[in-house]
Structures are given as structure tokens and as C-alpha cells.
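Notes to accompany the following structure.
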Amino acid sequence: MRYAAVVFAVLTLTASPAAAAANKEHLQLLAEIRMLQEQIQQLQAMMGTLTDAQKTVITRLDEQATGSRKAIADQTLAITNMGDNVRVLREKADETNVRISTVSQEIDALRQAIASQPPPQAAAPAGTVPGGEPGAAAPPPQATPTAGGAGTISPQRMYETSFDDYSAGRYDLAIQGFQAFIQAFPRTPNAANAQFNIGMSYFNQGKWAEARDAFQRVISEYPQADDRVADAYYKLGSTFEQLKQVDNAKRAYETLVQKYPSASGGFPASQARQALDRLNKKALAVRRERLTVDG
């Protein structure tokens, strides 16, 4: 019995260190688990903070993008209005130049008419006719034709009348007037302007095929008028867009950019570049949409 008690005591003393070590490892694992849980909670809190910050940044970026788009749209509108104003001023300047040229022509014609008149003859005695018998009745004086009399047409006046109809929206009358002007004065500087305004009259009426033909006539018949040809190329591209002929529109814009980059101060070429960028972005968006549908 005493021997068994001793053995039991020895076994007890031998097992206690092992149990204590195991218990210590268990406690250490629990402590580490608690630390990991705390760290996970901290990470979750940090993730929530980052998510909120991300939402705030995205909201601000959206607001800035919206503001930028609005500012760009306002600037584009302002530039377009400036371009229209420049075009009107250029037309007025062309009209002034034509008026000066017309006045000079009329003055020259008047000088030629005065120079071609015969010198005044001495007055014949009363009741006689020069070279005739005494007592014969004197013939009535003949009227001398003068330059600028009835039947003459001022190119400037004719153009201004048609342009007044165009400005007032009387497009059919404007078209008839500009066509008559071109027929009567095909070589005046305003002939190209008249043909361009015919195209604009059709364009404003939504008659796209007629507008296309009118703008093409500006390009083919007045190649020396660079500024007006540049405007015609841009409006031709816009007309092709209305006709759903995107490829032709791009060619018109590209021709304008390549051949007339500085005409009218470079404004038509700038508008053409914007139109090309818009059409290319639209085509890319359509291509992506098709790929998404097919995928």
C-alpha cells in the first residue's frame, strides 16, 4: 500500500507540469484570438471610414464634372455666338467694300458721261436755226442721258434688299433676291455671300438637299473666297449630318480643317474639329454598346 501511494504521488507530480503547460498554451491562444478580434474590429471601422471618404470624394468629383461640363457648354455657346457675330461683321464689312466699289464705278461712269457730251454751241439769233433759213422754228432741246438714271440697278441696294428679307426670316423672298443678284452681278464680291445665304435660307427652312446643293455651289463656283468657302464647308458638314450621311459630314469637316485652317480667324476650322470629335465619340459609344450586346 505504501508503495502504491508513492507511485501515485510520483505520477501526480509528473503529470502536473504537463497539464500546467497545456493550460498556459490554451490561455495564450485565447489572448491572441482576442487580439485578432480587436484588430479585425479596428480594420472594419477603418474600412467604413474609407468607404465614407470614398463616397464623399466621388460626390465631389461628380459635382466638379457637372460644373465643368456646364462651363464647357457655356463657353461653346459663347464661342458659337461670337462666331455668328464675327460672320455678321464680316458680311457688313464686305457690304461696305462693295458699296465703296459701286460708288466708285458710278462716279467713273458719270465722269465718262460728262466727258462724252459735246461742247456747248453758241446761241443762234432769235427766230433762226443754225445753218437754216431765217424765221424757221428752232428745234426743241434734246435731253442728254446721264449715268445712274432710270433703269440702272445698284448692286449694293439689290443685295441689301435680299439680305433684309433673309434677316427677317422671309427666306423664299431672300432666295429669289439672291439668285437674281447673282445672275445680274456674278463677279461682284457679294456674289459668294449671296450664294452662301441661299444655302443658309434653305438650311433654316430644313430643306437639307437644297441647302447641300447651295453650299456645294459656293465651294465650286467661288474658290477664291476662302472665308466664305470655309463657312460653306462647315455648314455642308452640318447639312450632311441632318441627312444622316455621317461619312460625308466627316469628309466635309476634315477638308475644312486641312485646307482652310486659318480662314475667318480659324473659327470654322475650330468648329469642324469639335464636330469631328463629337462624331467620333458617338461612333465609339455605339461600337461599345454593340460589343456589350453581342457579349
Those residues of the stretch 260-272 which are in a helix (DSSP H, G or I) and touching a residue at least 12 places away in the same chain (Cβ under 8 Å), in sequence order:
ALA263, SER264, GLY265, PHE267, PRO268, ALA269, SER270, GLN271, ALA272
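Condition check ((1) of a type in the set (D, E, K, R); (2) closer than 20 Å to ARG87 by Cβ) across all residues:
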position	(1), (2)
ALA209	no, no
ASP227	yes, yes
ASP231	yes, yes
TYR234	no, yes
GLY237	no, yes
GLU241	yes, yes
TYR253	no, yes
Among the residues of the stretch 152-199 satisfying the criterion of being surrounded by fewer than 19 Cβ atoms within 10 Å (Cβ to Cβ), aliphatic (A, V, I, L, M) and over 19 Å from PHE215 (Cα atoms), which is farthest from the chain's Cα centre (by Cα)?
ILE153
Of the residues that sit in the stretch 18-74 and are within 47 Å of the chain's Cα centre (by Cα) and among the basic types (Lys, Arg), which one is farthest from GLN274 (Cα to Cα)?
LYS55
Picked from the stretch 200-226 (must be in a helix (DSSP H, G or I), at pLDDT 95 or above and among the charged types (D, E, K, R)), the residue nearest to the chain's Cα centre (by Cα) is ARG212
So if I check each of ALA232, ALA252, ALA275, which one is closer than 20 Å to ILE182 by Cα, touching a Phe, Trp or Tyr at 6+ places or on another chain (Cβ under 6 Å) and either in a helix (DSSP H, G or I) or not hydrophobic (A, V, I, L, M, F, W, C) (or both)?
ALA232
Can you say whether ARG288 is assigned to a helix (DSSP H, G or I) and either in contact with a strand residue (DSSP E or B) (Cβ under 6 Å, 6 or more places away or on another chain) or free of Cβ contacts under 8 Å to residues at least 24 places away in the same chain (or both), as far as the supplied structure shows?
yes
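The values are calculated or read from the model by the stated rules, or taken from the named source; none is laboratory data. Just so we're clear, the structure is a prediction, and the values are computed from it rather than from any experiment. Cβ: placed from backbone, ideal geometry, glycine included. Neighbour counts: every protein chain shown.
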